[in-house]
Each structure stands twice: as C-alpha cells, then as structure tokens.
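What follows is a single structure, written as structure tokens, with notes after it.
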Amino acid sequence: MKTRKFVDHAVVYANAGNGGNGSASFRREKFVPKGGPDGGDGGRGGHIILRSNPDVDSLIALYFEPHRRAGHGGHGRGKKMHGKNGADCVIDVPLGTVARDRETMDFLGELLQPEEELLVAKGGKGGLGNVHFKSSTHQAPEETTPGELGQEITLDLELKIVADAGLVGFPNAGKSSLLTSVSHAHPKIASYPFTTINPVPGTIVFEDYTKIKIIDIPGIIHGAHDGVGLGDKFLRHIERAKLIVMVIDMAGTDGREPHADYKDLINELGQYNQELLQRPRIVLANKMDVPESSEHYETFCKETKITPIPISATSGQGLDDVKATLHQMLAPEA
Ligand SMILES: Nc1nc2c(ncn2[C@@H]2O[C@H](COP(=O)(O)OP(=O)(O)OP(=O)(O)O)[C@@H](O)[C@H]2O)c(=O)[nH]1
Ligand SMILES: [Mg+2]
C-alpha cells in the first residue's frame, strides 16, 4: 500500500499583494479644452487567506510549496477608472490548523469548522487618483498617492486533528486492528511495535447513519514525554478529541503487566497535558480471545478499580458494546 507523507507542521512565506497607484489624469473631450482631473484610484492588493477544507487532511501541499503570493492591485486610470483588485491567494488547510506568526509565535487563529476563513496577510490599499485632490483653489491637481505595500508574514502552521475520539495505547495493543474492525480505515497492522507511525483518521458509521471521526495514533510507551519511542508529539492529535479511547493489551503479549500499562498511559497523558486527564475516557481490554487475558483482566480491575470493556479486535467480541458506547457518548442526534 502506498503511504502518503503525513505533514502536520509547515512554515509558509506569505506576501499579500501591493495596492495599485492612483492615477493622475485629466478629462479630454472635444469641446471641453480644460477638463478636470479624472484619475481613478488603484485597486487593493490581494489578501492571503487560510481556508479550512474538509477534503484536505494534511499540510503537505505547503511543505512542497511554501512561498505564497497574492496578486497586486491594478493602477487607477483616466475617466475615474478604478484599478482592478489583486487576486486573493486562498490556501486550503485541513480542519484543526492553528496559525501563528513565526517571528513572535503570536497566535493568529485556528480553523475548526469547514470552510472557515482566516485573513493572515492584508493586501495593500490602493492609492488615490488625482480626482480626490480637486478643490476650488486647486483645479488641476497632479497629486496622487501610491498604493500601499501588502503585508508580509512568515506563518507557522500546526495541525491538531479534529476528531470525536482518539485511540491511545501501547504499541501492539491493537489500536489499528480496532480501527479496522469498526471503521472503513485501513491502517497497517503488524505484530511489531510502532507499526503506526502517523495518525490515521477513520469514520465509524452507525446503523442510524450518524457518524463520528476516530483517530489512531502511534503507540505511547513509558517515558514518551522524554522522547522514548516515537515520543509524545502525536498526543497533540487527540487534544481536541472529545473522548479518549484507551486500548490495553490484556494478553500482556510483550511481557508487560496490563495494569502497569494503564498507569503508564495515564502518566504520559498527564505529563503531556494535565487537561487530558479530565477528558471523558473509556478503557478497552483488548485481546480477550487469548486465554491468559482473563486472569490479567481480574488483576487489572483490582489494581486500577476500573472495569474496562472486554473486547477482541480480531474476533469481534465486544465490538458492538464499544460501538454502542461511542454512539451514546458522541453521535450527533440522528
Ligand atoms: N489475539 C489477538 N491479537 C490481536 C488483537 N488485536 C490485535 N492483535 C494483534 O496484535 C498485533 C498488533 O496489532 P496492531 O493493531 O497493529 O496494534 P497497534 O496498537 O496499532 O500497534 P502500533 O501501531 O505499533 O502502536 C497484531 O499482530 C494484531 O494482529 C486481538 O484482539 N486478539
Ligand atoms: Mg497501529
């Protein structure tokens, strides 16, 4: 399967268009020897606008094309003709994009709804034509003003995926297997850790045709906040999830205690962002088809005082329960 490069950070050099100059012109008509001033204004320079497009799922286009320019405004002309406005440059970004000024790192805005727009660099205003400078004592003004320069800005764009639920677990816990079983997504599945190296979004469609977006992220391990494994940077993609779905390998396939995994995951979430610990969360005990899992399950419940939903992502056990829970907690009204 061809994997597309996933880009969740981009730097963009944006130049808005300059305004057009005002024109110095005088009316010339057959029987009017000394026509008055009729120089029109310059057009506005094009803006740089970010627009959230639900069909775009990463910032890759900007990675390959980081320089963006809007059109310049046209100069004013005689007969009070206004110069054309410069074409805006609209940059399509994925939902969840956060824009900052790269120099100051000031927050400029974020795009969370489809088709939202954020003006990030203003086109220069057009200059005034000489028609504006006429007065009773100044009948033939030559004055005009030049167009203003368009704003220039270096943007720092960061994607934080917008999803309803986010899957969190150790590598090999079966997060991708679960996503595959409940949605139409096809993340790579394998028995080695860190099979998933990029976030993979999936959509679960319920029987009443409502749907939710769920995201699979790379595995988190003990010490992820110190950069162990792939680190914890992918946790930012669940920062906006309404619900955290924790997947525990109850078979202890890789020789760890499942309840210790749970505590490690809670610790890593808290180290990354304390707020994530307040987020609604469900815990799934995966690989319950493996015989050793039952004993681990009991120890898990005792140690953690929680009762996870027992499932098997591969056999399908418990998945209806998971879907019903997700539906109840997240699905929009049908
Ligand atoms: N027996 C059993 N094996 C499972 C189950 N779920 C997943 N597995 C196996 O566990 C291994 C890891 O599954 P993945 O879905 O790739 O795990 P992951 O959590 O996405 O792993 P990373 O992407 O590395 O973080 C694969 O060999 C799966 O076939 C299950 O319910 N029962
Ligand atoms: Mg995976």
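The value of relative contact order for the chain, using C-alpha pairs under 8 Å at least six residues apart, is 16 percent. Where Rh is the Kirkwood radius over the Cα pairs of the stretch 1-159, the temperature 37 °C and the viscosity 0.692 mPa s, what D in µm²/s does Stokes-Einstein return? The diffusion coefficient I find is 189 µm²/s.
Using Cα pairs closer than 8 Å and at least 6 residues apart in sequence, work out the relative contact order for the stretch 165-330, in percent. It comes to 23 percent, rounded to a whole number. In loop segments of the stretch 143-240 as defined by DSSP, the GluC sites (Glu not before Pro) with at most 11 further C-beta atoms inside 10 Å of their C-beta are E207.
What is the total of Lys pairs in the stretch 148-284 with C-alpha atoms under 16 Å apart, excluding same-chain pairs fewer than 8 positions apart? Before the final figure, lay out each step's value.
Values: K160/K213; K160/K233; K160/K242; K175/K188; K175/K213; K211/K242; K213/K242.
Summing the qualifying lysine pairs gives 7.
With every protein chain present, what is the per residue accessible area of the chain (1.4 Å probe, Å²)? Computed with neighbouring chains in place, this is 52 Å² per residue.
Taking D55, D101, D156 as the candidate residues, the one with maximal mean-square fluctuation in a Gaussian network model of the chain, Cα springs under 10 Å, is D55.
Is there a quick way to get the dipole size of the chain? I mean about its Cα centre, with the Cβ of Lys and Arg at +1 and of Asp and Glu at -1; what is the value in debye to the nearest 20?
On the way: 37 positive and 44 negative charges, 406 e Å.
Computed charge dipole of the chain: roughly 1960 debye.
Three principal axis extents describe the C-alpha atoms of the stretch 175-334; from largest down they are 41, 34, 30 Å.
Taking loop as defined by DSSP and a crowding limit of 10 other beta carbons within 10 Å, which trypsin sites (Lys or Arg not before Pro) in the stretch 1-80 fit? Could you put the intermediate results ahead of the total?
Details: sites: K2, R4, K5, R27, R28, K30, K34, R44, R51, R68, R69, R77, K79, K80; in loops: K2, R4, K5, R27, R28, K30, K34, R44, K79, K80.
Answer in residue order: K2, R4, K5, K30, K34.
Return the whole-Å distance between the Cα centroid of the stretch 261-334 and the Cα centroid of the stretch 28-61. What the calculation gives is 56 Å, centre to centre. For chymotrypsin sites (Phe, Trp or Tyr not before Pro), the sites in the stretch 172-216 that DSSP calls loop and that have at most 10 other Cβ atoms within 10 Å are Y209.
Panel note: the C-alpha atoms of the chain, placed on their principal axes, show extents of 104, 43, 37 Å (largest first). Expressed as a whole percentage, what fraction of the accessible surface of the stretch 165-330 belongs to carbon and sulfur atoms when a 1.4 Å probe is rolled over the protein heavy atoms? Summing carbon and sulfur atoms, their accessible area is 51 percent of the total for the stretch 165-330.
Have a look at the DSSP beta bridges in the chain and tell me what percent are antiparallel, nearest 5.
Values: 30 of 54 bridges.
Percentage antiparallel, nearest 5: 55.
Calculate the FRET efficiency for Y192 and R256 from the Cβ-Cβ distance with a Förster distance of 22 Å, rounded to the nearest 0.05. Rounded to the nearest 0.05, the efficiency is 0.90.
The values are calculated or read from the model by the stated rules, or taken from the named source; none is laboratory data. Everything numeric in this text was worked out from a predicted model, so none of it was measured. Reconstructed Cβ throughout: ideal geometry from the backbone, glycine too, with neighbour counts over all protein chains shown. Heavy atoms of the whole protein, side chains included, go into the accessibility calculation; ligands, DNA and RNA do not. Shrake-Rupley method; radii C 1.70, N 1.55, O 1.52, S 1.80 Å.
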